[in-house]
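Engineer: First, the structure itself, so that you have it in front of you.
The values are calculated or read from the model by the stated rules, or taken from the named source; none is laboratory data. Remember, predicted model here, so these are calculated numbers, not experimental data. Methodologically, a virtual Cβ is constructed for each residue, glycine included, from the backbone with ideal geometry; neighbour enumeration extends over all protein chains shown.
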Amino acid sequence: MDAAERREELTHILRPAGGGVYVVSTGLAAQRALQRHIYEVVHDEAIEHAWRIGLERLDEARVVLLGVPSDAGAGFVRGANQGPAAIRERLLSRAETPYLVDGVMDVGDVRVVPQLLSDEMLSAAQIAATRRALYDRADVDLPVSPLDLCARALEHVHALAPRAVPIVLGGDHSVAWPAFAAAMRGGRRLGLLHFDAHTDLLPERLGVRFCFATWAYHANELLGRDGRLVQVGIRRSGKPREHWESTLNVRQYWPEELAARGHDAGAVADEIIERFRARGVEAVYVSNDIDGTDASFAAATGTPEPGGPTPGFVRDVTRRVLSAFPLAGADLVEVAPPLGQGDPDEPERTLDVAAEYLDDLMAIALADADRGGGR
């Protein structure tokens with residue numbers, strides 16, 4: 001498949017940024033207003049044209065944003081499907097920091113059918129029916145579910161912009177699976193730095209192989225269970241830390257340990273760096289579930305949990321680890337703007353934290369590219 005064919009397929013499997021949530025009436029005006037803002041156009045009819053023009057310059061990108069507004073029920077309550085649009089809106093609202101600086105490209109959102117998760121869960125008849133709905137024909141070799149669409153989109157991004165670092169905006173944490181698997185195909189030996197209140201280390205959940213609760217298990221399998229998965233902020237699990245570390249050879253930092261160490265982000269980061277270096281890590285993938293951050297700073301998520309690290313701690317660990325290794329890819333997930341447990345400061349507070357995390361990832365990726373150490 002040549003470059004033109006890849007770009008054309010992207011126009012079928014993606015929608016302009018902010019457009020991955022399927023709406024026909026309620027929510028349509030807000031969606032279009034956001035897109036006019038993103039693409040700096042006056043009329044709705046110009047949105048798609050501006051998006052397509054941007055895709056023509058994908059080979060110039062050093063950082064690529066991809067939205068996957070899918071929420072298949074990761075939290076006790078849902079709302080993460082609105083995360084990618086809300087994070088973009090928050091970035092656009094800040095006068096002091098541009099949304100898309102030179103070298104950063106937003107390729108849009110995967111087309112999300114909200115009842116679906118991955119194609120492996122679907123019958124041939126359902127795949128054909130959804131292909132007709134999405135692409136106006138059933139005889140095309142195109143995926144229909146969010147995880148598979150994300151994987152296909154990242155395949156094209158890697159081919160068209162091989163030096164760019166992809167950052168996926170979720171959606172629930174299931175989207176980390178195709179994003180991490182795509183990064184693994186880059187050829188470098190990766191470490192996985194995972195911020196979360198939950199382990200996500202089940203081999204399956206209710207018979208489902210790839211979902212929000214299982215993606216880290218399968219990522220660790222790709223790593224060969226050799227100690228290159230480090231999880232920070234874990235505090236809600238049906239099993240103790242010792243179980244996960246002894247059976248899956250992961251390293252976890254729970255709140256009790258962080259408190260005993262004085263919440264010293266530098267010391268924790270240095271230990272992670274040493275661990276990765278001892279295992280031959282060449283680059284790092286960062287997966288940041290917003291519920292890994294203490295709920296007093298980020299309550300607009302499906303399962304807000306008290307007792308977690310502060311945003312400053314998360315940012316310090318991320319930046320210090322990524323000062324030692326280039327960033328291979330990342331995701332930022334589980335931001336759920338409709339939620340917030342009635343807090344008058346939400347969802348704005350959570351969105352501000354998410355925007356800071358995304359700012360750091362984009363800046364680090366751009367700096368890597370400037371040094372010649374990107375993907």
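Engineer: Among the residues in region 240-247, are any modelled with pLDDT of 95 or more, assigned to a strand (DSSP E or B) and of a type in the set (S, T, N, Q)?
Structural biologist: No, that holds for no residue.
Engineer: Report whether or not residue 280 is loosely packed, with under 13 Cβ neighbours inside 10 Å and among the small types (Gly, Ala, Ser).
Structural biologist: So residue 280 fits the description; yes.
Engineer: Here's another thing I want to ask about it. Testing residue 25 on (1) modelled with pLDDT of 95 or more; (2) outside any helix (DSSP H, G or I), one condition comes back false. Which one is that?
Structural biologist: It is condition (1) that residue 25 fails.
Engineer: If you don't mind, another one. Among the residues of region 262-277, write down those that are free of Cβ contacts under 8 Å to residues at least 12 places away in the same chain and in a helix (DSSP H, G or I).
Structural biologist: 267, 271, 274
Engineer: Out of all the residues in region 28-46, which are among the β-branched types (Val, Ile, Thr) and within 24 Å of the chain's Cα centre (by Cα)?
Structural biologist: Selection gives 38 alone.
Engineer: Considering every residue within region 88-98, establish whether at least one is surrounded by 13 or more Cβ atoms within 10 Å (Cβ to Cβ), among the hydrophobic types (A, V, I, L, M, F, W, C), at pLDDT 95 or above and farther than 18 Å from residue 47 by Cα.
Structural biologist: The answer is no; no qualifying residue exists.
Engineer: With the structure loaded, tell me whether residue 85 is part of a helix (DSSP H, G or I), surrounded by fewer than 16 Cβ atoms within 10 Å (Cβ to Cβ) and of a type in the set (Gly, Ala, Ser) or whether it fails that test.
Structural biologist: Answer is no for this residue.
Engineer: Among the listed residues 101, 107, which satisfies the condition of being under 26 Å from residue 158 (Cα atoms), in a loop (DSSP other than H, G, I, E, B) and in contact (Cβ under 8 Å) with a residue 60 or more places away in the chain?
Structural biologist: Only one candidate passes the filter, namely 101.
Engineer: Are any residues in region 222-239 in a loop (DSSP other than H, G, I, E, B) and either surrounded by fewer than 22 Cβ atoms within 10 Å (Cβ to Cβ) or not small (Gly, Ala, Ser) (or both), and if so, which ones?
Structural biologist: Within region 222-239, 223, 224, 225, 226, 227, 228, 234, 235, 236, 237, 238, 239 qualify.
Engineer: Taking interchain pairs and intrachain pairs at least six residues apart, which have beta carbon atoms under 6 angstrom, with the first residue in region 220-245 and touching a residue at least 60 places away in the same chain (Cβ under 8 Å) and the second part of a helix (DSSP H, G or I)?
Structural biologist: Once the first residue is touching a residue at least 60 places away in the same chain (Cβ under 8 Å) and sits in region 220-245, its partners that are part of a helix (DSSP H, G or I) give 233/292; 235/255.
Engineer: Also, quick follow-up: What are the residues in region 171-209 that are closer than 18 Å to residue 244 by Cβ and in a strand (DSSP E or B), if any?
Structural biologist: Passing the criteria: 191, 192, 193, 194, 195, 205.
Engineer: Residue check: is residue 185 under 30 Å from residue 272 (Cβ atoms), surrounded by fewer than 18 Cβ atoms within 10 Å (Cβ to Cβ) and not aromatic (Phe, Trp, Tyr)?
Structural biologist: Against the criterion (under 30 Å from residue 272 (Cβ atoms), surrounded by fewer than 18 Cβ atoms within 10 Å (Cβ to Cβ) and not aromatic (Phe, Trp, Tyr)), residue 185 qualifies.
Engineer: Let me ask another. Do we have residue 164 as closer than 21 Å to residue 121 by Cα and in contact with a Gly (Cβ under 9 Å, 6 or more places away or on another chain) here?
Structural biologist: no
Engineer: Right, here's the next one. From the list 321, 314, exactly one residue is assigned to a helix (DSSP H, G or I), touching a Phe, Trp or Tyr at 6+ places or on another chain (Cβ under 7 Å), of a type in the set (A, V, I, L, M, F, W, C) and at pLDDT 95 or above. Which is it?
Structural biologist: Going through 321, 314 in turn, the sole match is 314.
Engineer: Can you tell me which of (1) crowded, with 16+ Cβ neighbours inside 10 Å; (2) outside any loop (DSSP other than H, G, I, E, B) is the one residue 257 doesn't meet?
Structural biologist: Of everything listed in (1) crowded, with 16+ Cβ neighbours inside 10 Å; (2) outside any loop (DSSP other than H, G, I, E, B), residue 257 misses just condition (1).
Engineer: Just checking, does region 36-49 include any residue being free of Cβ contacts under 8 Å to residues at least 60 places away in the same chain and surrounded by 19 or more Cβ atoms within 10 Å (Cβ to Cβ)?
Structural biologist: yes
Engineer: What number of residues within region 303-317 are farther than 15 Å from residue 258 by Cβ and crowded, with 24+ Cβ neighbours inside 10 Å?
Structural biologist: 1
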